[in-house]
Structures are given as C-alpha cells and as structure tokens.
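All of the numbers you see were taken from the coordinates with simple rules; none came from a lab. Everything quoted here is computed from the prediction, not taken from an experiment. Because the Cβ atoms are built from the backbone with ideal geometry, glycine has one as well, and the counts that use them run over all protein chains shown.
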Amino acid sequence: MTTKHESSNKKKRKFRPGCILLALMVITALCGTVKPVKAQQRASDLYARNNLIAWCIVPFDSKKRGPEERAQMMKKLGITRFAYDWRDEHIPSFGEEIETMKKHNIKLQGWWLSSGLHPEQDKYLPLILDALKKHNVKTELWCMFWGGPEFDKLTQEEKIRTMAKPVAYVAKKLDEIGCKLGVYNHGGWFGVPENQLAVIEYLKMPNIGIVYNLHHAEEDIDRFPTFFPKIKPYLLAFNIAGLKLGNPVKVVPVGEGDAETEMMKLVWKSGYRGPVGILNEGTAPDAEVGLQMNMDGLKKVLTTIGDKKALKTYR
C-alpha cells in the first residue's frame, strides 16, 4: 500500500479486448459451481458514487485531517464507505475514528494491516481486534502477509502450507468478533492472486476473501482475464487505479492509463457488484483533491464503457 513496485516485464503489453469474451464465458461457467464469499454486500450499480470506498486517505493527506475533518471531507464528496489505513501516530485515535464514522453514517468497510508469518507476535493485531470488539464493529481486515528470509527457498506446496498458518490464525481471531479477512495484493509471492486463491482453497475458511488492487497490478495486466473469474467468488473489494503501459508500468490517476478501462469493463460485465475502492495514494498531496481526481477519471471510464446508470450518480 505504501510504495509502488516496478514491473519486470521487458516489452510493452497490450490488453486485448477479445480476451473479455473468453473471460466472461469462464465467469458464467464458474458462477454456477462456486459460492460467493459469505455475506458479500452487493450494489445495483458497481461504479456508482454510493458504492465507492475512500482508501489511502489517512497517511496520504498533506492536511493531516483528523477523524471529524476526514468524515466531513467524505460527506462533501458523497462517499459513504471508508477503509482505514493508519500509522503509529493514529493508534491513540482508533476509537475516535470508529465512533466518528458511525456518527456520520459512514461504513467502515475495511481496516489495513501488514503482518508476517507470526501474527500471534504482532503488536498491532491485538490493538485492532480490541478496538473493533470494544466498539462493536463488523468489518474486514485488509491484510498483506510477508514470508520470512527462507520463504523463497520453499516449494510451492510448502509455501502454501506455510502461509496458510498465519492467514488461518488471523481469520480465526476475526471470526471470533464477527469480522472477515481480506487478503491483499501488494507484491511478493503473497501478492500473486493465484497464490492467494491457493491459500484460501487450502484453508476453506468461510470468512476469508480477497481485496484486489489495480494499484498493485502492474504484473497482472496480461493475465487479468484469466485469473479474475477464479477470484471473483471470493472478492470483497475491487480497488481501482490507472495503469500506464510501459517499462515499467506506471500507476496513474484513473482514466489516464492504457489498461484500467478494459479491466474495469471486464469486472463490470462479470456481474461483480461488491464495493469499489477509490484511492489517493500517490495521486495528490491533499486527500480530497486526489479522491476528486480519481472520481473525475472514473466518470471518463464510465463514459467509455457505456455505464450510463452509474454515471448519473455523479451529476
């Protein structure tokens, strides 16, 4: 979430629109056999304003807004969902953040955490769990997991079993308070969607899903039509960003890239209707300006793909 990793691809890639038809055929076949993530919230219009999650707006904000100012900013933009990314200085205000969002009827869609192979030793996890339990919040922990120094030496099967242990530990702790775990792509072995899917299917725990981020999808563009149908039944949130093809691929505001429009169209056509994250990370110093830039870019994408219904929600 904090930095953009570079692509290692050595030639410029083209996202082929013809791949969409194949992907949609696969999605149709899978939908009849795979159950979606339990209690996945669905919207009638995927990219409608009221289905957007404000994401990456706490540490990525030059105005350093507090909970009340942040809530007012989201209300001004018409955003009613929020995923909380934080740093150490925000820990004392965890409770205030939760209660402020409740007061303004803003849904706490997710809560970020980065952990490793031993989350039972993670000093932050108990703080988050205690805050959620104390304030009676049912949400999702958006979590990336990192392997240890010897992790890369393991076989694929060993990696799946090794990573399954910390994922299961966190998922069990969340289940005890009625929350879900959203595994989060942010580079490394665990950032590969197929690897996340392998861990989820190995564990078969009903409160684990996937949070997929276009701002960490530089390596996924060519494969997106192939793996998206497989992760769709587990998708808790789809976070959008612009992707400018090149060497390396660059993350840019929504609507200014070469690949995100076709990827977003595929997701829209797939029937996925869970929430959509719109972020500010790296877009603008002021979180409000960054969110507005990406919302403006989203309107451009909606015009291109012909989603007139969602587009009306921005007028």
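Odds and ends about this structure:
- Each label point was placed 7 Å from the Cα along the Cα-to-Cβ direction; for Leu203 and Ile177 their separation is 1.6 nm.
- Built amide H within the under 5 Å cut-off of Lys180, gap 5+: Thr139, Glu140, Leu141
- Which labelled figure in (1) 33, 61, 5; (2) 31, 48, 19, 2; (3) 26, 32, 19, 17, 6, 0 is P(r) over Cα pairs in 20 Å bins from 0, in percent, once derived from the coordinates: (1)
- Spatial separation of Cα centroids for segment 185-200 and segment 256-302, in angstrom: 22
- Residue exposure sequence - Lys204, Lys230 - by fewest surrounding Cβ within 10 Å: Lys204, Lys230
- Amide H within-cut-off set for Tyr84, under 5 Å, with H built and near neighbours excluded: Gly110, Trp111, Trp112
- Over the chain, relative contact order from alpha-carbon pairs under 8 Å, at least 6 apart, %: 27
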